Each structure stands twice: as structure tokens, then as C-alpha cells.
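Below is one structure; the comments refer to it alone.
The values are calculated or read from the model by the stated rules, or taken from the named source; none is laboratory data. Here the structure is a predicted model, which means the values were calculated and not measured. Please note: Cβ atoms are built from the backbone with ideal geometry, for glycine as well, and neighbour counts cover all protein chains shown. All accessible areas refer to the heavy atoms of the entire protein, side chains included, with ligands and DNA or RNA removed. Shrake-Rupley method; radii C 1.70, N 1.55, O 1.52, S 1.80 Å.
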Amino acid sequence: MSAPIDSFWPWPREDTTHVPYRVFTDAGLFQREQERVFQGPTWSYVGLEAEVPGEGSFRTTHIGEVPVILSRGGDGRVHVLVNRCAHRGALVLREAYGQRKRFNCIYHQWGYDPDGRLRAVPFKQGVEGHGGYRDVPLDMQALSLRRLRVEVLNGLVFATFRDDTPPLREYLGGVWPQFTRVFDGRKLEVLGYLRQRVKANWKLYFENVKDPYHAGLLHLFVATFGLFRSTQRGETLAEPSGCGHLVSYQGGTQEHPEQYEQQGLSTYRKGYRLRAPELMRKLPDLADDVAVSIQTVFPSLVIHRISNSIATRQVLPRGVDEFDLVWTLLGYADDPVELRNQRILQANLVGPSGFISLEDVEALEIVQRGIQGERGDAAFVGLGGTRVLYGEPEPDLANETALRGFWKTWRTLMDV
Ligand code: FES
Ligand SMILES: [Fe+2]
């Protein structure tokens, strides 16, 4: 029998195994997220220190819907500024990245220092004794670009709108050891960017990257060539801080492909061979046997290690049913040439037109299409039980524990 309309809304507090579909389609909830999640007590990833190497260099991006600038000031420090002119609200910078001594708004040419301080206001004293700001005192300090609280952690820059967001290290909690394994303080090198527009709600992506169940079932390539199978050794972890910093990872050394054959799964093709097997070659890299590691820092960052490929993926919501993914492919400045080349080669494996993300995005978009018009029903996330294990890793890859942790955090922030 079908469920009655609105049976999962309001969302029962004790129910950890259902996610009402309306969280992916409701414009009112999307607006609430802007305030309570993106401008709430959370840290959003905005870019890399390496992307703003010199004074006046900048990169533009967003935190939720709010346009922001990552810049390097004259004091050598990294700043995150709201990209909104203090005069009448225009975007001050419109390019994706660049370098300038002064950030000038084109509308009326107010000029700001790269640290956000307002420096120049044309016709401030009016013209020939008339007009200008002679009668209305202009508080240049107060009219600076809004500067957000910033923390830089081993080369990654995070920002928050709030003073009461816990320090970043505390916010990362149990993710810290994995985080510092990848970002160990060595100088990073940006190898390239990929951008991808996805017609789905941004939270479907956070579910996707915490979902080991789909990885060996949706992705023919990774299952067939042994990069990831549900039968491999691995674990998923939901971090206990309650801010939703979650990680899932697994070693790729133990394989049981015969179980795939027994299950009759269409994504395991025994006879398939690669014409370019070097794509799957893994060169000695970080000191562990982790084949695939996907870490997430709620609400805007995914960090991947897939074979030799390392990247940050920034999640930028554009509306209730659309988001952009910005991939920054990375290496270390001291990488040997061969390793650097392998990382670049494997961009073809992981990116939007590669063998993995192509399928993820298709899956997310067909979910978004499938739930259109649905008001009362819910997704089922009961794989592996009802537990929301914060801080204790699940020793297998056939569970949705990390999804339940994600939703618990989201619900707490959203108060729904
Ligand atoms: S809106 Fe920027 S100078 Fe007027
Ligand atoms: Fe996937």
C-alpha cells in the first residue's frame, strides 16, 4: 500500500533511516540552508593558498549563494571578502582569478585594497563645492568589503561568517589524521581545474561521496578494474564533532571478484581489458595502502585520493536543483616528474568526462528527476541498520552509516 501524503513530513525526530524527498526540492528549505548552514557555524572551503601566491592575487568563488573573493593582501596574509561593493552592491571582481593592486568596482569606481579596505571614492568632495559626501560623513572603515573569519590549514583556506564556529582543527575532529596525510604541510601545486554543472540538489552529492554502496555497483570501470569493490577491505567513519565532517576510505589490496560474479552484477565485466593499462598504474606515493579515500568537510568540500590522483572538489549550490562542482587537481611541488605526469593522466580517470564522475552525475540527475512532484515520500537509508555511529568506524563498505551521520548534522543545523 502506498504511504499517505506527507507521511514523512514533518520528519520524525527518531527516524534515522528515511530522508524526505522534499529536502532536495523545497525552495524554502534551500533559503533556510543559506542562513543556517552556509552562513551558520560551519567552515566553508574557498580555495588554496597556492592559488593566491602574491600580493593582490585573487580567486572568486562562493559560500552558498554569497559571492566571495579569496585574496592575498599587502601584509602577505590571505583574506576572504564578500564580493559585494559597499556602495550599491555590485560584484567588485568578476574574473575567476587574477592579480591587481586595487580592486575597483566598475559601477562607480570605488576602489578597495586586496585586504578589503576601501581606499578610493571618486568625487568624494563633490564638484566645485557641490554634492559629494561633504554633508554625509563617509566612514571608509565601515564601508570596507566584509571580511570573513579565515583559517588556513596546511595550504587549504576555509572561511566562516560566524565568530562562534569552533576552531577549524576542532571542527575537523576525527578527519584530522586523514586530512593531514594528504595535506602534510608540503607545498602544493595546482595541476589543473575541471568544472562541472550538475542538475541536482547539492546534498545528493554529499550523499553520493559518503555512499560506498554505489561505488562498486554503479561504476563499471572501478569494479571491473579493481579500484573499488564492495568486497574490499575498507571503512566508513562519521566524525563525532556533530558538524558533519565525515570520511570514508578503503585499502585496495584485498579483492574478492568472485563474489561479484556470484551476485551477477552487470558492472563486473571479467573479460574487459584496458588498451592503456598505464591509466591504472599506481606509483609509490603517500605512505599507506589506501587506494581510494574520499573525505568530506561539510558543507562545501570533498577531498579525494584515487590511485595517484589528488583533488579538492568544491560544492557550489546554484539553486535548489543545481550545483557546480569545481575540481582542483593537485600535486606536491616536490613531486618527481613521473609522479606528476601520472597525477595528470589520472585526471582522465576521475573528472567529469572520466570513468567515475560521469556516472555519479547521471545518477544524481536521475534521482532529481525521479523525485519531482513528490511531497510526502522519502528515500530509504537503512543499509547497515539504523545506527548513526559518530566517531567509530564501520568496518565494511556495505552500509549507509555516513549518510545517516550527514543527515543528523544537517537536521541539527536546520532544526527540522
Ligand atoms: S556599486 Fe560599486 S562603486 Fe557603486
Ligand atoms: Fe561514485
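Key figures for this structure:
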item: Prolate/oblate/rounded label for the range 139-221 (Cα gyration tensor, a/c 1.5); result: prolate
item: 10 Å beta-carbon shell around Leu191, net charge (K/R +1, D/E -1); result: 0
item: Local electrostatic count, Arg119, Cβ distance below 13 Å [Lys/Arg +1, Asp/Glu -1]; result: +3
item: Residue-averaged [θ]222 nm for the chain, counting only DSSP H segments that reach four residues, each worth -39500 (n - 2.57); result: -5500 deg cm²/dmol
item: Solvent exposure ordering (accessible area, 1.4 Å, most first) of Thr165, Thr16; result: Thr16, Thr165
item: Area of Arg84 that stays accessible when all protein chains are in place (1.4 Å probe, Å², to 10); result: 120
item: Where Glu189, Glu278, Glu400, Glu14 fall by accessible area, highest first, once all protein chains stay in place (1.4 Å); result: Glu14, Glu278, Glu189, Glu400
item: Sites Ser353 and Asp415, calculated FRET efficiency, Cβ-Cβ separation with R0 35 Å, nearest 0.05; result: 0.30
item: Cα-Cα P(r), the range 58-190, percent of pairs per 10 Å interval; result: 11, 35, 29, 16, 6, 2, 0
item: Accessible area of Glu359 in the full protein assembly, 1.4 Å probe (Å², nearest 10); result: 50
item: Whole-Å distance, taken between Cα centres, linking the range 357-388 and the range 160-214; result: 21
item: Once the Cα gyration tensor of the range 302-416 is diagonalised, semi-axes √(5λ) in Å; result: 31, 20, 14
item: Kyte-Doolittle at least 1.6, axis length at least 30 Å by Cα - qualifying DSSP helices, the chain; result: none
item: Within the accessible area of the chain (1.4 Å probe), percent carbon and sulfur; result: 51
item: Protein-only accessible surface order, largest first, of Glu394, Glu362, Glu128, Glu35 at 1.4 Å; result: Glu128, Glu35, Glu362, Glu394
item: Summed residue charge, Cβ within 9 Å of Glu400's Cβ, Lys/Arg positive, Asp/Glu negative; result: 0
